[in-house]
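A short write-up of the structure that comes next.
The values are calculated or read from the model by the stated rules, or taken from the named source; none is laboratory data. Everything quoted here is computed from the prediction, not taken from an experiment. Here the Cβ positions follow ideal geometry from the backbone for every residue, glycine too, while neighbour counts run over all protein chains shown. Note: accessible area is taken over every heavy atom of the protein model, side chains too, but ligands, DNA and RNA are not part of it. Shrake-Rupley method; radii C 1.70, N 1.55, O 1.52, S 1.80 Å.
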There are 2 protein chains.
Amino acid sequence: MQSRTPVPRATGRPRSAAADAAILAATREALVELGWSKLTLGDVATRAGVAKTTLYRRWAGKNELVVDAVAELFDELRMPDRGSLAADIEGVVLQFAAILARPEARSGLMAVIAESTRDDALRERIRESIVDRQKRLVHQGRTRAQQRGELPADPDPTSRTADLIFDIVAGTVVHRTLVSAEPTDEEWARAFTSLLLLGLRGSAAP
Amino acid sequence: MQSRTPVPRATGRPRSAAADAAILAATREALVELGWSKLTLGDVATRAGVAKTTLYRRWAGKNELVVDAVAELFDELRMPDRGSLAADIEGVVLQFAAILARPEARSGLMAVIAESTRDDALRERIRESIVDRQKRLVHQGRTRAQQRGELPADPDPTSRTADLIFDIVAGTVVHRTLVSAEPTDEEWARAFTSLLLLGLRGSAAP
DNA sequence: CAGTTACGCTACGACTCGTAGCGAAAGCAG
DNA sequence: CTGCTTTCGCTACGAGTCGTAGCGTAACTG
């Protein structure tokens, strides 16, 4: 992230780090109250107690700003060792669902993804700031499960399976939460995890 | 769909059906060229050869218009009998991916989903126009597979499993295509279908 | 024919956009 | 402390979009 600062000069007045935090927080606040389409940069600037021009000096536009504001939300994802692969996956699923339950994540994330379909640079930015950063969880869970003997050693060195798992978990939770709009509770997480695990264990011996 | 026509009166000049088609086509065209955020209703009206006021008389706003424009794209989804459950699923996955490869579907669909997070009426409209209409494919595939003996009879009368399958298939394909932005080709469809089927078959006998 | 509704067109105030110019503030090197 | 540099808040601006209103005309019905 923060590829928005072109070159941190050694001289001159430094950029206020507090302003950065205030702007991103104000962006999330505005996303909650107004949603994506009615969010204006002028409004965000006012909420943050910052001049509109300051905002434009740091971000190219609405898209880039919201990506940074939303990316921070996903950094709280953790995968504590719960003893079994099933429990680990369930834990992450529920955490992910909890983040998606927050309105600033819901409208912000989907909106920037929509915009990224016409903007390759934006998509790359989303990938760096959000997607790839969380893919670590998949590797972490698999490594742990292999050490426990729950999963065979990875037969695929290109990690295509890891990408598939990530798409399934993230995609399914997002769809359940945002499109189907039904509760992503523990019962659902168990059913989903169970189905996924059966698929994973079986895929080792075709 | 077309809940936009409040009451079709018997008298007076009828609404031009050709205008409807022209407007929806123009909306998709504008989505391709401009994307969601830069799409203006004035531009759509010009492309369709229609006055801007006519457009506002039929749709409440950008959201509703794009939902209708995008919903038509998904009506072409079919599930011909390919002989096995695996082949049926693969076929639908590839068809779905083909639709999502079209830029008007990509940017339009995600954008209205993003807006729907702050607009319950819009979410309900998306559900009616797009989601529930395509859920038929899941039931169709399961019924066929049960007749072939590939799957046990549905132990769950509330069709929670069907909902889960739908979320997994639609969510995963969307995530793969729009977020991961990697090819949703036959090889990937095979791997995904294989994993899903192993989970489905196993979930009958835990 | 009269009655009713949809249509195209024009015009409007309100709002947002992104940028430019200004003087003041906050650092750093000498 | 004194210049030097960069950021900051503020104001103002033309351009573009929004959604609506008003008007005369077109299309269809009984």
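Summary of values
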item: Hz values of 3J(HN,Hα) by residue in the stretch A:129-145 - Karplus curve (6.51, -1.76, 1.60), Gly and Pro given as x; result: 6, 10, 5, 4, 5, 9, 5, 3, 4, 5, 4, 4, x, 5, 4, 4, 5
item: Debye, to nearest 20: dipole size of the protein assembly as shown, +1 on Lys, Arg Cβ, -1 on Asp, Glu Cβ; result: 1120 debye
item: Solvent-accessible heavy-atom area per residue, rounded to whole Å², over the stretch B:17-69 at 1.4 Å; result: 41 Å²
item: Helix A:85-100 axis, angle to chain A major axis (alpha carbon atoms, nearest 10°); result: 30 degrees
item: Dipole magnitude of chain B about its Cα centre (Cβ charges: Lys, Arg +1; Asp, Glu -1), debye to nearest 20; result: 740 debye
item: From phi via Karplus (6.51, -1.76, 1.60), per-residue ³J(HN,Hα) for the stretch A:36-48 in Hz, x at Gly/Pro; result: 5, 5, 9, 6, 10, 5, x, 5, 4, 4, 4, 4, 7
item: Cβ-vector label at 7 Å, B:A191, separations to other copies in nm; result: 2.8
item: For the stretch A:17-69, alpha-carbon Rg over 2.2 N^0.38 Å; result: 0.96
item: Calculated FRET value between B:A162 and B:A18, using beta carbons and R₀ = 30 Å, to 0.05; result: 0.20
item: Estimated D of the protein assembly as shown in µm² per second, where Rh is the Kirkwood radius over Cα pairs and Stokes-Einstein applies at 37 °C, 0.692 mPa s; result: 143 µm²/s
item: Residue-averaged 222 nm ellipticity for chain B, from DSSP H runs of 4+ at -39500 (n - 2.57), nearest 500; result: -20500 deg cm²/dmol
item: Karplus 3J(HN,Hα) series, Hz, for the stretch A:65-74 with 6.51 cos²θ - 1.76 cosθ + 1.60 (x for Gly, Pro); result: 4, 5, 4, 5, 5, 7, 4, 4, 5, 8
item: Contact surface A-B: accessible area buried, both sides summed, square angstrom, 1.4 angstrom probe; result: 3900 Å²
item: Computed magnitude of the charge dipole of the stretch B:125-176 (debye, nearest 20; Cβ of K, R +1, Cβ of D, E -1); result: 220 debye
item: Test item: B:27-34 mean partner chain Cβ contacts at 10 Å; result: 1
item: Most positive-pole-ward Cα, A:A101, A:T54, A:L41, against dipole of chain A from beta carbon charges; result: A:T54
item: Buried on assembly, the stretch B:100-145 (at least 30 Å² less accessible surface than by itself, 1.4 Å probe); result: B:R106, B:S107, B:M110, B:I113, B:A114, B:E115, B:T117, B:R118, B:R123, B:R127, B:V131
item: Point-to-point label distance, A:A98-A:A153, nm (Cα→Cβ direction, 7 Å offset); result: 3.7 nm
item: Heavy-atom accessible surface of the stretch B:17-69: percent carbon and sulfur, 1.4 Å; result: 55 percent
item: Relative frequency of Cα-Cα separations exceeding 30 Å in chain A, percent; result: 32 percent
